[in-house]
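The structure under discussion appears below in the form of structure tokens.
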Amino acid sequence: MNDLMIKVDNVSKQYRLGQIGGTTLREELQRKAAKLLKKEDPTKKIGEKDYVAGETFMALNDVSFDVKKGERVAIIGHNGAGKSTLLKLLSRVTAPSTGEICLNGRIASMLEVGTGFHPELTGRENVYMNGAILGMTKKEIDKKMEDIIEFSEVRQFIDTPVKRYSSGMFVKLAFSVAAHLDSEIMLMDEVLAVGDMAFQTKCLNKMSELAKNEGKTILYVSHNMNTVRKLCNRAIVLEHGQIAFIGSVEEGIARYLKDDEEARLHFDLDKANRPYSGIGGNFRAMSLDLLDGRSRFKYNEPVNLSFAFKSTRPYAAVRLRSEAYYFDSTEIGNYETDTFEVKEAGEHTIKLSFTPDILPIGQYFLILNIFEVDSMNHQQTLDQPSQRIPFEIYEDDPNGVRWNHEYMGHVRMGKLVSID
């Protein structure tokens, strides 16, 4: 039992969605009165989404696992699977809604760039502060200080306030502190991706050394399967807040990659959130499928889609617009269909295609918007499911004009062409 470092027993974490606070008592009373009188919210700004309250979201649902001393465990899964929430619970940033977490040792964590650092303090002062939080004396920290500075590669700036550090410098010093101070458990989110490749390799080697030689227990969250293979000896795969797999690293990676590809081919738009109430009632997007069995494309390959929807009445002219974004949520531009007619109420499916010929190598996603268009070309939103449709370009046109960040969403990307 002494070698059991982490025990997570039937842990769940529930969040309440919607706006919390941010208004005055007067505004709350006005909002309440308008709701009782069935009038529009007088406090809502032009273009602002409706006030949402009362909905809940299960970030983690009945999660249980054990981690022994010296284990290096990867936590992998899609965005939104609950990985970061789990690490926050383990590091006591927040408490579980239900269940119990038992830890046998002190924790050093890197959850976000700059976590645990005070921006007004120098790098050296932050080292002392982090050590004190872990219960170390000044004398104990002094013994580690030179090793921390040497490993961090920021000696020149160690007496500079960290608010002036770049994100890479933050990560270097934060990891060095976590690796050298006296803690038995290390929690690492994907912040190492901010550092350069040489420092990432240095960090992975250091973590392996700490686990093997000093018996430190490591939980590592990453989407980079190569680093997971190099560092970890066990994997936990999370799906929608629940554990889908616990076992060997290779089996865990295979499960994640298989599910990742499947998740990128079919999208249940019916269950997706809508940005505001009042849409998706008479016309509702039901699903979208990538028809070629893959989500990776060359610059000149058509991306073929099947879009299913249902309507409660006919529509003379409907237009589908697909807003395109870079993986970091930078807006690129949009694709649009010509208007099409919905002749009768019921469920319908149309097939569409577009060619992402101006996009360079990288990862992207689409968000769908569906409009009704009148004779004056005015548009009224029918539905807007908040579902990201990810895809990847793995080869671009060496001679073509390509989008870049300088354009920031001002690119007209052409039309979706019906292939129905």
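Structure summary
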item: Residues of the stretch 153-174 classified as touching a Ser or Thr at 6+ places or on another chain (Cβ under 9 Å) and either polar (S, T, N, Q) or part of a loop (DSSP other than H, G, I, E, B) (or both), total; result: 5
item: Among the candidates E125, E140, E146, E150, residue that is open to solvent by 30 Å² or more (accessible area, probe 1.4 Å), within 19 Å of K216 (Cα to Cα) and part of a helix (DSSP H, G or I); result: E140
item: Candidate set from the stretch 89-113 (those that are crowded, with 19+ Cβ neighbours inside 10 Å and not hydrophobic (A, V, I, L, M, F, W, C)); member that is modelled with the highest pLDDT; result: P96
item: Odd one out for V177, checked against (1) open to solvent by less than 10 Å² (accessible area, probe 1.4 Å); (2) under 24 Å from R72 (Cβ atoms); (3) at pLDDT 85 or above; (4) in a helix (DSSP H, G or I); result: (3)
item: Cross-chain or 6+ apart pairs with Cβ under 6 Å, the stretch 361-377 first and in contact (Cβ under 8 Å) with a residue 40 or more places away in the chain, then of a type in the set (D, E, K, R); result: F365/R388; I367/E323; N369/R321; I370/D383; F371/R319; V373/R319
item: Odd one out for K83, checked against (1) open to solvent by less than 40 Å² (accessible area, probe 1.4 Å); (2) farther than 30 Å from R164 by Cα; (3) not hydrophobic (A, V, I, L, M, F, W, C); result: (2)
item: Failed criterion for A108 (all others in (1) closer than 25 Å to F245 by Cβ; (2) in contact with a helix residue (DSSP H, G or I) (Cβ under 6 Å, 6 or more places away or on another chain); (3) not basic (K, R) hold); result: (1)
item: Of the criteria (1) more than 32 Å from the chain's Cα centre (by Cα); (2) under 24 Å from Y276 (Cα atoms); (3) at pLDDT below 90, which one S375 fails; result: (2)
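Residues checked against (1) surrounded by fewer than 18 Cβ atoms within 10 Å (Cβ to Cβ); (2) touching a residue at least 60 places away in the same chain (Cβ under 8 Å); (3) over 18 Å from Q379 (Cβ atoms):
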residue	(1), (2), (3)
G280	no, yes, no
A285	no, yes, no
L290	no, yes, yes
Y299	no, yes, yes
N304	yes, yes, yes
T312	yes, no, yes
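The values are calculated or read from the model by the stated rules, or taken from the named source; none is laboratory data. Source: prediction; values computed, not measured. Every residue, glycine as well, gets a Cβ built from its backbone with ideal geometry; the counts of neighbours run over all protein chains shown. Each accessible area value is taken on the protein alone, full model and side chains, heavy atoms only, with ligands, DNA and RNA left out. Shrake-Rupley method; radii C 1.70, N 1.55, O 1.52, S 1.80 Å.
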